[in-house]
Amino acid sequence: MEETKMIVEHRETGKLQDSLEIGTPAKGGAIKIYTDFNDVKATQEKILKAFEARKFAQMQEQSVQQ
């Protein structure tokens, strides 16, 4: 008898069940942020940090291409 294998993936997001996607991969990169929309200040901080991280990644990519 052949054995059947099953893979189960479980992701626990806790209270960060809201997400926001900004941009597109083809036009400068997409950013996806998981957050709690009820905490507006924390969400704003995450958005700013995400843009900083994307800008850093774009600069690194440009330096590698040169």
* **Qualifying positions in region 22-51 - of a type in the set (D, E, K, R), surrounded by 10 or more Cβ atoms within 10 Å (Cβ to Cβ) and in a helix (DSSP H, G or I)** => E45, K46, K49
* Quick one: is T13 at pLDDT below 75 and either touching a Gly at 6+ places or on another chain (Cβ under 9 Å) or of a type outside the set (A, V, I, L, M, F, W, C) (or both)? -> yes
* Structure fact -> The number of residues in region 25-66 that are in contact (Cβ under 8 Å) with a residue 24 or more places away in the chain and more than 14 Å from the chain's Cα centre (by Cα) is 2
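The values are calculated or read from the model by the stated rules, or taken from the named source; none is laboratory data. Just so it is clear, the structure is predicted and the values come from calculations on it, not from any experiment. Cβ sites come from the backbone with ideal geometry, for glycine too, and all protein chains shown count toward neighbours.
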